[in-house]
Amino acid sequence: MCPIAEAVDRLAHDSDGGERGAVFTRREVVDFMLDLAGYTPDRPLHQLRLLEPSFGSGEFLLAAVERLLTAFQAAGSVGDLSSCIRAVELHSNTFNTTKHILEVLLARFGVPEPEAARLLNTWLISGDFLLSPLSGQFDFVIGNPPYVRQELIPAALMLEYRKRYATLYARADLYIPFIERSLGLLADGGQCALICADRWTKNRYGAPLRALVAGGFHLRAYVDMVDTPAFSTQVIAYPAITLIAKAAPGPTLVAERPAIEVASLALLARALLHGVANDSLGISRVDHATAGSQPWVLSSAPKRALLRRLEEQFPLLEDAGCKVGIGVATGADKAFIAKMDALDVEPFRKLPLATTKDIASGQVHWLGLCVINPFEDDGKLANLDHYPKLRAYLESHRTLIAGRHVAKKSPANWYRTIDRITPALAARPKLLIPDIKGSAHVVYEPGGLYPHHNLYYVESNEWDLRALQAVLLSSVARQFVAAYSTTMRGGYLRFQAQYLRRIRLPSWSAVPLAMRERLVRAAVAFDLPECDRAAAELYGLTEDESAMLAQ
């Protein structure tokens, strides 16, 4: 058996639900998405084709078949339904279980057993959607693509996916090529309604797929599912529902946080299909949601207008004399990180380490951890012959350290950390920012600590760091991050470098002395309302704009 076939076979027979990215959608959401796409029993569904890329336990497929049979019987039609449905599933046990449920459903609609067997053998495809041959085009593609990290996919299979799908870029999850192929199978005017993690709409790995959508499709509707129980189990990343048509680009209707109730979702679907904004239902219109590979900014119209004005008026954070970085990743924290006073290596081989726990209060309270520094000041890896204590310690943890990917790539340098450590960074003053947080949490570190990999840092040779801290603590800075960051469960944003670099900032030379002093006082006092007021004045916001950002 070839490596690709072997990998597919293992996933089909030996994988669990988590490995396959199986997350099940609630029936209310399924019906909403079918309504939104226009797959409704008042239409001649027996003349149309629907594709379900990964049918799993059949949430979408069962609902679609019910609608197809209802429409067919109501029309009094006779004919062959075998071309109306195609549904793919990789996992063999899941495939067989769902097929049996469909047999019962067809029997309930009075479909004779031989005809039911023929239909199911035609409709259902056991295989990998990304590799299975599919003929013709489809009027509808509807479903919930699997959410699978790359490291869970066999190497041979991932290589084949990369050959076939141009959007499988960087660290993209498996749902990305699922969306690419789904769009590629649409007939002219066809509708693709999918629910999946919203990360691709903003982050780096989603750029090629965003460019694909912008180049030949119409993002008709986007439903942000923040804080909504769309699935039968909780998920960390928030999902979104996208309705993408194979049609000329046009305006996008955006809805946020719908109530998961049958009546309200049915009303929302009708309103979105109507194609106009509706304040009472929380539907806004975005005229240019897609622009090449750029992140989708789908916030309310007033917030988008303010964001664009500030982006036109002020330079990017790093163009205003600041630098954004991330702390050290070791690949084996249990070996490289320990209590400073308990770690028996040469003193100058360890650096005091700042972690999220050290800044949880909003100020630095160092808890005594350090990180081993295996590099010399010139950036070269230290010679362990010169550091007998360090050698003994690293050798005692060799199995863990040498088992890392970075060590296997370069066995002679097995004891290097993933990121090179630059001791001078520890000595410099900086602002420390946790990756995931809900409210403002930007901490001034006067120098002495090296940031851990779950902390981002900002330093500047131009801006006073205390004044900069006040700006970054403000609702203005949060507006930039919120526009470009994905939202995590609990309403938390990702304050990653790619989003921090989106913040616009006046040049320090343009900040009047009185404003400089005001910002510093607000930061030192950790007075968040005053940080907001000072930043609003600094950026020239109106009272209405300030109030809008405070919401």
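The values are calculated or read from the model by the stated rules, or taken from the named source; none is laboratory data. What you see is a predicted model, and the numbers here were worked out from it, not measured in a lab. Positions of Cβ are generated from backbone atoms using ideal geometry, with glycine treated the same way; all protein chains shown enter the neighbour counts. SASA here: full protein model, heavy atoms, side chains in, ligands and nucleic acids out. Shrake-Rupley method; radii C 1.70, N 1.55, O 1.52, S 1.80 Å.
Annotations for the structure displayed:
- Residue within the stretch 261-269 that is open to solvent by less than 20 Å² (accessible area, probe 1.4 Å) and either closer than 30 Å to Glu445 by Cα or within 24 Å of the chain's Cα centre (by Cα) (or both) present: no
- Residues of the stretch 406-432 that turn out to be outside any loop (DSSP other than H, G, I, E, B) and within 17 Å of Leu369 (Cα to Cα), as a count: 5
- Selection count, the stretch 433-454, where residues are touching a Pro at 6+ places or on another chain (Cβ under 6 Å) and part of a strand (DSSP E or B): 0
- Each residue in the stretch 331-358 was checked for being open to solvent by less than 10 Å² (accessible area, probe 1.4 Å) and within 18 Å of Leu432 (Cβ to Cβ), and 3 pass.
- Scanning the stretch 59-82 for residues that are open to solvent by 50 Å² or more (accessible area, probe 1.4 Å), part of a loop (DSSP other than H, G, I, E, B) and in contact with a helix residue (DSSP H, G or I) (Cβ under 8 Å, 6 or more places away or on another chain) yields Ala75, Gly79.
- Among the residues of the stretch 105-135, those that are of a type in the set (Phe, Trp, Tyr) and either open to solvent by 40 Å² or more (accessible area, probe 1.4 Å) or assigned to a loop (DSSP other than H, G, I, E, B) (or both) comprise Phe109, Phe129.
- Conditions (1) out of contact with any Ser or Thr (no Cβ under 6 Å at 6 or more places or on another chain); (2) more than 24 Å from Gly540 (Cβ to Cβ); (3) assigned to a loop (DSSP other than H, G, I, E, B): number failed by Glu462: (2)
- Members of the stretch 136-158 that are at pLDDT 95 or above and surrounded by fewer than 20 Cβ atoms within 10 Å (Cβ to Cβ): Gly136, Gln137
- Among residues of the stretch 63-82 that are under 26 Å from Asn144 (Cα atoms), those with a beta-carbon under 7 Å from a residue that is of a type in the set (Lys, Arg) and assigned to a loop (DSSP other than H, G, I, E, B) at least six positions away or on a different chain give the pairs Ala71/Arg43.
- Selection over the stretch 426-450 of residues that are closer than 13 Å to Gly327 by Cα and in contact with an Asp or Glu (Cβ under 8 Å, 6 or more places away or on another chain) gives a count of 4.
- Screening Arg257 with (1) touching a Ser or Thr at 6+ places or on another chain (Cβ under 7 Å); (2) modelled with pLDDT of 95 or more; (3) surrounded by fewer than 15 Cβ atoms within 10 Å (Cβ to Cβ) gives one miss only, at (2).
- Yes/no for Leu367 being assigned to a loop (DSSP other than H, G, I, E, B) and touching a residue at least 12 places away in the same chain (Cβ under 8 Å): yes
- Those residues of the stretch 12-31 which are in contact with a Pro (Cβ under 8 Å, 6 or more places away or on another chain), at pLDDT 70 or above and open to solvent by less than 40 Å² (accessible area, probe 1.4 Å), in sequence order: none
- Looking at the stretch 274-343, the strands (runs of 3 or more DSSP E) lying wholly inside it that each contain 1 or more residues that are hydroxyl-bearing (Ser, Thr, Tyr) sit at 283-286.
- When the stretch 290-314 is limited to residues that are in contact with a strand residue (DSSP E or B) (Cβ under 9 Å, 6 or more places away or on another chain) and hydroxyl-bearing (Ser, Thr, Tyr), the one that is modelled with the highest pLDDT turns out to be Thr290.
Rundown of residues vs (1) within 19 Å of Glu459 (Cα to Cα); (2) buried (at least 19 other Cβ atoms within 10 Å of the Cβ), yes/no style:
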| residue | (1), (2) |
| --- | --- |
| Ala483 | no, yes |
| Gln496 | yes, yes |
| Leu505 | yes, yes |
| Ala525 | no, no |
| Glu530 | no, no |
